[in-house]
Amino acid sequence: MSGARVAAFSKYFAVGGLCAVLVCARHSAFLIADDSLQFQRVCANVARYATEATALEEYLESKGLSIAKIQSSTNLPWPATVK
């Protein structure tokens, strides 16, 4: 190949490689943003659950019930693990 062809091939190869890198970076950013959104939803659900559990504990304590007594009096089986 002549020098001009090598230079043209190198230029277009570099442009194609740059486009591939940009597409991969954009796709990775989308995946990270999507995972971040899902993580924020999970954190919000955990916070909501903690608030509800605290409210339930306060309600039971106001009625004179002890969470420790309730837990010790019940013998709940562990849920089956999914394989």
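Every read-out reported here was derived from the displayed coordinates using simple, explicitly stated rules and does not represent laboratory data. Just so it is clear, the model here is predicted, and its values are computed rather than measured. Using ideal geometry, Cβ is built from the backbone for each residue, glycine included, and neighbour counts are taken over all protein chains shown.
A compact table of results
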{"quantity": "Residue match in segment 8-22 (condition: of a type in the set (D, E, K, R) and exposed (fewer than 10 other Cβ atoms within 10 Å of the Cβ))", "calculated": "no"}
{"quantity": "Count - residues of segment 5-56 that are within 30 Å of Ala68 (Cβ to Cβ) and not aliphatic (A, V, I, L, M)", "calculated": "7"}
